[in-house]
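**Student:** First the structure, which I've put down as structure tokens, then a few questions once you've had a look.
FYI, it's all coordinate maths here, none of it is from the lab. Fair warning: this is a prediction, and the values are worked out from it, not measured in the lab. No Cβ is skipped: glycine too gets one built from the backbone with ideal geometry, and neighbour counts run over all protein chains shown.
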Ligand SMILES: [Zn+2]
């Protein structure tokens, strides 16, 4: 202990002092009110030190444990892993292939939120009925919205304006996510600031490389053939960034929220567009039931161009298990189907 350091700040010493007091009492010493008060204060101090967030974190890390960051989607978990390396543990609520719009949290998710230091969500209503913010709030944990500061696209679905939550489909927006996550983690872990920012810098360079590679790739498709038809409206940010027109029969959400859900008029309009525009192929999404898009393909007499990662990355060990991997595989599938 450093000279001059208040010994009451050390839990061991506090416990020893307290035990000495109790031992003295057992020997028959009279415990006056002052002593009882001091002992009570000591116990309260120990309890306060042990439950304090910093102490729990320090205790957990001293035991070989790492601080836990809980993410809602696979993409956000991947961004976070690229930033934290091995310094923190990243957990994800959604499994590969799961649908964030319709997800219902489980008691296990609530347990994970209780163990986490910080929860991170996409925001923009991607997490249907705000399930991630609710998990964090119920566990008393801070929530970070990765899409904060993104310029959201607006969707006009049957006259109702909604903001499009699928912002990560532009690597430029993915960079905003990475900066938001990095600054939140640096604030919570000042001792890791330099290493977190260093990893983020490399990952941001990878995102810029991804963006310029996509631009080169989509040039292979003649402009009139750049029409992307998928199950639900997940690809607007991609379409705007890389010069595609896109159509999705289900709307922006797979759930029955505002603007979401399939209607017969949307089905007809998509089939008509495919025929009128001479679309070469339509695409299935990994996190959405392919039945509808298969029906559309059959009705319009068009091929299925392949399967795209939309709201979820691929399973472990698949080519799409990372954000950069899923974007790369999507672009190869889209360009291969439409060129
Ligand atoms: Zn979606």
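**Student:** Could you work out how far the C-alpha centroid of the stretch 277-336 sits from that of the stretch 203-235, in angstrom?
**Tutor:** The stretch 277-336 and the stretch 203-235 have Cα centres spaced 13 Å from each other.
**Student:** Same structure again: Once you put a point 7 Å from the Cα of residue 332 and another 7 Å from the Cα of residue 269, both along the Cβ direction, what distance in nm separates them?
**Tutor:** Rounded to a tenth, the inter-label distance reads 3.5 nm.
**Student:** Related question: For residue 294 and residue 133 in one chain, what is 0.36 nm times their gap in residues minus the Cα-Cα distance, to one decimal in nm? Numbers along the way, then the final one.
**Tutor:** Working: separation 161, 0.36 × 161 = 57.96 nm, distance 3.47 nm.
In short, 54.5 nm is gained.
**Student:** On to the next question. Using Cα-Cα distances under 8 Å and only pairs 6 or more residues apart, what relative contact order does the stretch 68-208 have, in percent? Can you show the working numbers first?
**Tutor:** Details: 219 pairs, mean separation 33.9, N = 141.
Worked out over the stretch 68-208, it gives 24 percent.
**Student:** Let me ask something else. Could you work out how far apart the two model spin labels at residue 212 and residue 161 are, taking each label as a point 7 Å from the Cα in the direction of the beta carbon, and quote it in nm?
**Tutor:** 3.7
**Student:** Between residue 89 and residue 191, what is the spin-label point distance in nm, taking each point 7 Å from the Cα along the Cα→C-beta axis?
**Tutor:** Label at residue 89, label at residue 191, 1.8 nm between them.
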